[in-house]
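The values are calculated or read from the model by the stated rules, or taken from the named source; none is laboratory data. What you are looking at is a predicted structure, and each value in this text was computed from that prediction instead of being measured. Note that each Cβ is placed from the backbone with ideal geometry, even for glycine, and that neighbours are counted across all protein chains shown. To get the accessible areas, we keep the full protein, side chains included, count just its heavy atoms, and leave off ligands, DNA and RNA. Shrake-Rupley method; radii C 1.70, N 1.55, O 1.52, S 1.80 Å.
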Amino acid sequence: MIHSCRLLEFALMDNATGPRRREPGSAGAVDLRGQDPGLALGSPLYREVKRQLIDSLRGGEWKPAEVIPSEKQLAARYGVSIGTVRKAVDEMVADKMLVRHQGRGTYVVSHSNQRQFFYFFRIVGADGVRQVPSVELLRFARTKADATQAARLGVLPGARLVCFANRLSLAGVPAVIDEIAVPEALFPELTQQSLRERPNTVYHFYQERFGISVVRIEEHLSAVTADAARAEMLGIAPASPLLLIRRVAYSFRDQPVEYRNSYVNTQQHVYVCESGRAG
């Protein structure tokens, strides 16, 4: 089973080749394609604005939890109508990259809030109750990428990785073993101490400490049995059934930044995936 969860839409799927027409009210519109030649001819103008906004986020112009300029300011910046900017921002809000606060403005989403955490953490108790797990770091090492890790992370075999394993418990019961690998080139100063002492989730840690935002994950699910080591970590009998979740986490423009294998004890816990958008 494969599950892909996307926060941002990076591929512009409009393949029209006719000349782009300026929309009503955008007489002063700037041809943003001149700044981004990779866009397809005929792409809606709001998608070009969206691409520029994403590039600004990627470049760190606006940090997580910071307010972005007003729609009026962005319209002047890109030479388009306010309606065009609003449509681009609306999509980014729906994609959970931006969030609107009534009367305060539009902000860059941060991984520090609980709702964002549950967007990526899908393990719940058998009763369906969502809880923030307690996390225990079990091991930490610097290693070289094997063939599988290299393929998932888009690096060469033998590239330097930082690998670590966490045990996640819900209501005091071990639920998940996360075995995580990240490229050392992206996380050069990641240490066992900083990882152990992080005050928030690991994705918030990536975002705040290294400027790397996870915006999309792809997961492959399969059934396996527990070997002796993982059975001991989870407090279950060897050969007990487990759910294995193989995940690749991506940052902007689909850059892979993390590969993890999650081993889930399904005796008391289940995997829940919600699809579609509310509202």
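Quick one: would you say Tyr259 is farther than 22 Å from Asp55 by Cα, among the hydroxyl-bearing types (Ser, Thr, Tyr), open to solvent by 20 Å² or more (accessible area, probe 1.4 Å) and in a strand (DSSP E or B)? So Tyr259 does not fit the description; no. Let me confirm something: among Val49, Val109, which residue is modelled with pLDDT of 80 or more and buried (at least 16 other Cβ atoms within 10 Å of the Cβ)? It is Val49. The residues listed here are Val108, Val135; of these, the one that is under 19 Å from Arg216 (Cα atoms), touching a strand residue (DSSP E or B) at 6+ places or on another chain (Cβ under 8 Å) and not basic (Lys, Arg) is Val108. Within region 79-94, being of a type outside the set (Gly, Ala, Ser) and open to solvent by 10 Å² or more (accessible area, probe 1.4 Å) holds for Val80, Ile82, Arg86, Lys87, Asp90, Glu91, Val93. Kindly evaluate Phe187 against the criterion of being of a type in the set (A, V, I, L, M, F, W, C), in contact with a helix residue (DSSP H, G or I) (Cβ under 6 Å, 6 or more places away or on another chain) and within 16 Å of Val214 (Cβ to Cβ). Yes; evaluated as a whole, the condition is true for this residue. Of the residues screened, Arg246 is not one that is of a type outside the set (Asp, Glu), modelled with pLDDT under 95 and open to solvent by 10 Å² or more (accessible area, probe 1.4 Å). Considered as a group, the residues in region 210-243 that are out of contact with any strand residue (DSSP E or B) (no Cβ under 7 Å at 6 or more places or on another chain) and touching a residue at least 12 places away in the same chain (Cβ under 8 Å) include one that is most open to solvent (accessible area, probe 1.4 Å), and that residue is Pro238.
Within region 153-172, the set of residues being open to solvent by 40 Å² or more (accessible area, probe 1.4 Å) and under 23 Å from Leu138 (Cα atoms) comprises Arg160, Arg167, Ala171, Gly172.
For region 74-103, filtered to residues that are at pLDDT 90 or above and of a type in the set (Gly, Ala, Ser), the residue that is farthest from Pro44 (Cα to Cα) is Ala76.
Considering region 174-209, and only residues there that are surrounded by 15 or more Cβ atoms within 10 Å (Cβ to Cβ) and free of Cβ contacts under 8 Å to residues at least 12 places away in the same chain, the residue that is nearest to the chain's Cα centre (by Cα) turns out to be Phe205.
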